[in-house]
Structure formats: structure tokens, C-alpha cells
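Note sheet for the following structure.
The values are calculated or read from the model by the stated rules, or taken from the named source; none is laboratory data. Everything numeric in this text was worked out from a predicted model, so none of it was measured. FYI the Cβ positions are ideal-geometry reconstructions off the backbone, even for glycines, and counts take in every protein chain you see. These accessible areas exclude ligands, DNA and RNA; they are computed on the full protein's heavy atoms, side chains included. Shrake-Rupley method; radii C 1.70, N 1.55, O 1.52, S 1.80 Å.
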Amino acid sequence: MSTFKAPKGTYDLLPPDSATYLAVREAIAAPLRGSGYGYIETPGFESVELFARGVGESTDIVTKEMYAFETKGGDRLALRPEGTASVLRAALEANLHKAGNLPVKLWYSGSYYRYERPQKGRYRHFSQVGAEAIGAEDPALDAELIILADQAYRSLGLLNFRILLNSLGDKECRPVYREALQTFLRGLDLDEDTLRRAEINPLRVLDDKRESVQKQLGDAPLLRDYLCDACKAYHEEVRELVTAAGVVFEDDPKLVRGLDYYTRTTFEFVHDGLGSQSAVGGGGRYDGLSEMIGGPALPSVGWALGVDRTVLALEAEGVELELPATTSVFAVPLGDEARRVLFAKVTEMRKNGVAADFAYGGKGLKAAMKAANRSGARYALILGERDIEQGVVQLKDLESGEQTAVGMNEIVAELKSRLG
Ligand code: HAM
């Protein structure tokens, strides 16, 4: 052990478990790749102002959880707490929306940072795979994203997740609702902090986890009853398209999200085996975000799925992903001459697409064979002095134990054909 430990609220991904994380990222990305989403990568930090304006000045994410700092050059930056604002910023900066092909569909995968109180499923450094479809107002696009997330979870073998769906209205109807909710909240017995929140961001109060607050919210007006006709029709169409795709969801009129940019469609994926940090993913429409960060009107929709919590969900359901061994062949040289010859063979195998590893460190036969077994490789290649003289190498099938001598010049082709 060294003097240092991973910082509070973080953990390291180590083999063999790290393979599951890679597979989860891949499983979430696969349906996106197959649906016209192009890969985007943005910096790990951005101007603080982008998140303040985008995510919302009064959200917990911006007021409490952001890793904000000033650079030596005097720039105010923050480690990204989420991906949507950055992706939209990048798309606008590169004028992707002007290329005449809307929506611009993008997917991403990376690290995000929030200074939260750590607990199981809630970390200060975590990982998301996300998707954003920028520049189109079309209920089929909202439906597509919900369906693709469902497909991703199902492809991993997850069953005990639920999709919660709501509409948050638009700039026509939400202000009316906001007023009504505020009037209602002012009449409750709430502490000062909560009353202040009711003035700044009344919808967030609906999400208050305390029972003393929830108890009083039973008769709170619901946004559902305030939606304008356009929002109602839009939401109905999203619901119909998702239903027609055979994807089951629950209407949740109290669903509010922790980010301020949402309009109309909002959804969350929750897993019932995760305890209090049950949201494995979330997203929705953000028709006003582009204008909020100085761009043109670009109605958009997206989601981000949490990789850490998806892995926890797999554990909770006892799902073990079938992860093929990464190494197919493990080479075991016996002696110096054999080491040179076999090392060259390993290099040749790798160039020919055969995943191979090597017994380094001058191990004896016993230790080297142990390493071969541990590697998960199907075959061991053993080379001794006598083999070199005879121009062969010993090919051992580690599953059946069967061993045969194969000509040195034939071995790569033989392995390729055996491994299919
Ligand atoms: P979010 O709901 O804040 O949305 O985060 C999405 C997912 O990231 C969560 O459901 C959760 O699985 C994971 N996550 C968030 N915070 C943590 C944490 N501290 N530890 C572990 N996992 C965490 C967004 O970030 C939006 N940008 C989603 C979006 C994309 N909306 C539109 N487009």
C-alpha cells in the first residue's frame, strides 16, 4: 500500500471487474451507434458560467456540487457535473446545427464530477453514457431515446427497472403552473430554507425527500392539470409511440429533475434493487437550453445513463455478463533462445489478430503454466530447446489438456483456424 488513497467518494476500476464496466458502456452505446448517433468528446472542464446558465443557477448541482476553480490564468472553470450543456455548447461552436441535417444526433461516454455526500451508488466521480438529439421537435425523437435506453438495459439482461415519464410543460404553461404551485406552497408550514426555495425554484420542493414536507404536498397542484393543448398533444403522442414499441412505462406526474433546463418530456429509469440511489438514468427534452447559453432556438432531447449504478443494478439482479477471455493464447518459453523465438511469434500472432500474452520474468514451466491458466487463454504455446531443433512448438489445449506439436511456420494459421 502507498501513502495515498483514492479521494473520498471515488473508487478505482480494476481488472477483472473493470471488464464489466467496459461491457456496460459498450452495451449502452451499441443501440445509439445503430440509430444514427455520432460519437462526441468534449473537455472534462468548461466555463463555470456554462453550467450556471445551462443547468441552473439555483440547482443543487450548481450551488453545492460543482468542482469550480480559478486557473492560474484567471479563468473560472468547473469539472463537468453533467454532459448536456457541454455537448450543446460544442455543437453550437462547431455549427453542427447549420450543416442542414437536423437533428444532430450525438452520443458520449465519460467521467462526471459532483461534490455530493458519498454513499452507495452516489460518488463524486462517476461515469455516464449519454445521447443528445439536437434541433428537432418531434415526439418520435423523444420516443426513440426512451426505447433505445430500454433496449440497452434489456440487452444487459436487466429486468427490474422501471421507466417513469412526465411532462414539464413549456414556456407557455409552466409559468402558470409555477404561480399556482407557489401560492400553494406559501400556505404550508415549511422552514425558511424551503420557503426560499419555493420562491426561486418551486418545482424542486416537490422533490423534497423529507416526510414532513411530503406529508403536506398531497394536495399540491399537478403540472399535468396545467399543460397547454400543444404540450398535452405532444406528450400523448410520445406515450403512444413508446407504448406501440412495447416499452412499458409509468406516468409519474410528480417527477421533477435536478436540472433546470427541462421542458415537456422528462423521464427517469429507476432500479428497484438499488436502495435510495435508485435512478440509473434520466433525461428529457430541453427546448430552451440553446437560447439559455446564447444559441439559436434548437429544441432538443437526450438522456444520460449512469454506468456505476447500472453495474450495481446488474449485481442486484445477479446478472453476470458473459465476457469472453481477452487472451486466446499464452506463450511459455523454456530458456533464452526459446524466449527470443517465441516472443517474435507472439508479435506475429498479435499482428494477425490473435490475442496473445507471454510468460515474462523468466518463469519456470510450473509457474508459467499457472500464469497461462490464470490468463483465461484457451491455448498455451510451449517452446523448449528440443522443439526449436525440430522446428515445432507444443500447442496445448488448456480446456481438454490435449497437446500436439505443430510446425513453427504453421502455428499462426493453425491458431487462427482453431479460434475461428
Ligand atoms: P442526471 O439525472 O443528473 O442527468 O444524471 C444521469 C444519471 O447519472 C443518473 O441517473 C445516475 O445514474 C448517474 N449519476 C448522477 N449523479 C451521480 C453520482 N453522484 N454518482 C453516481 N451516478 C450518478 C443528467 O446528467 C443529464 N445531463 C441527462 C440528460 C441528457 N438530459 C438530457 N440529456
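Rundown of residues vs (1) modelled with pLDDT of 95 or more; (2) within 13 Å of the ligand (Cβ to nearest atom); (3) not small (Gly, Ala, Ser), yes/no style:
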| residue | (1), (2), (3) |
| --- | --- |
| ARG76 | yes, no, yes |
| GLU82 | yes, yes, yes |
| GLY100 | no, no, no |
| GLY110 | yes, yes, no |
| TYR113 | yes, yes, yes |
| GLY121 | yes, yes, no |
| PHE126 | yes, yes, yes |
| GLY130 | yes, yes, no |
| ALA140 | yes, no, no |
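Taking the conditions exactly as written (open to solvent by 10 Å² or more (accessible area, probe 1.4 Å) and closer than 30 Å to GLU93 by Cα), does THR263 satisfy them or not?
Spelling it out, THR263 is indeed open to solvent by 10 Å² or more (accessible area, probe 1.4 Å) and closer than 30 Å to GLU93 by Cα.
Pairs meeting the criteria (first residue in region 344-355 and in a loop (DSSP other than H, G, I, E, B), second residue open to solvent by 70 Å² or more (accessible area, probe 1.4 Å), beta carbons under 7 Å, at least 6 apart or on different chains) are ASN352/LYS416; VAL354/LYS416; ALA355/THR326. Identify the residue in region 272-312 that is open to solvent by 30 Å² or more (accessible area, probe 1.4 Å) and hydroxyl-bearing (Ser, Thr, Tyr) and, among all such residues, is farthest from the ligand (Cβ to nearest atom). This residue is SER276. Taking the criterion of being assigned to a strand (DSSP E or B) and free of Cβ contacts under 8 Å to residues at least 40 places away in the same chain, no residue of region 117-159 qualifies. Of the residues making up region 228-249, those that are within 16 Å of the ligand (Cβ to nearest atom) and not in a loop (DSSP other than H, G, I, E, B) number 1. Regarding ASN409, is this residue under 44 Å from the mean Cα position of the chain (by Cα) and open to solvent by 60 Å² or more (accessible area, probe 1.4 Å)? Spelling it out, it is not the case that ASN409 is under 44 Å from the mean Cα position of the chain (by Cα) and open to solvent by 60 Å² or more (accessible area, probe 1.4 Å).
Taking the residues in region 143-170 that are of a type in the set (Asp, Glu) and more than 17 Å from the chain's Cα centre (by Cα) as candidates, determine which candidate is surrounded by the most Cβ atoms within 10 Å (Cβ to Cβ). So, considering only residues that are of a type in the set (Asp, Glu) and more than 17 Å from the chain's Cα centre (by Cα), the one surrounded by the most Cβ atoms within 10 Å (Cβ to Cβ) is GLU144.
Would you point out which residue out of GLU322, GLU315 is more than 8 Å from the ligand (Cβ to nearest atom), under 26 Å from GLY420 (Cβ atoms), among the acidic types (Asp, Glu) and open to solvent by 40 Å² or more (accessible area, probe 1.4 Å)? Answer to the selection: GLU322. Among the residues of region 171-192, those identified as part of a helix (DSSP H, G or I) and open to solvent by 100 Å² or more (accessible area, probe 1.4 Å) are GLU179, ARG186, GLU192. A search for C-beta distances below 6 Å between a residue of region 356-367 that is modelled with pLDDT of 95 or more and any residue that is open to solvent by 50 Å² or more (accessible area, probe 1.4 Å), counting only pairs 6+ apart in sequence or on different chains, returns ALA356/ARG350. Quick one: how many residues across region 193-227 are in a loop (DSSP other than H, G, I, E, B), open to solvent by 50 Å² or more (accessible area, probe 1.4 Å) and touching a residue at least 12 places away in the same chain (Cβ under 8 Å)? Of the residues in that region, 1 qualify. Checked against the criterion of being closer than 30 Å to ASP138 by Cβ and outside the structural domain of MET292 (by TED's automatic domain parsing), the candidates ARG178, ARG210, ARG264, ARG186 yield just one match: ARG178. Applying a threshold of 6 Å to beta carbon distances and a minimum spacing of six or more residues, or different chains, the list of pairs starting in region 1-16 at a residue that is hydroxyl-bearing (Ser, Thr, Tyr) and ending at one that is assigned to a loop (DSSP other than H, G, I, E, B) and modelled with pLDDT of 95 or more reads THR10/ARG124.
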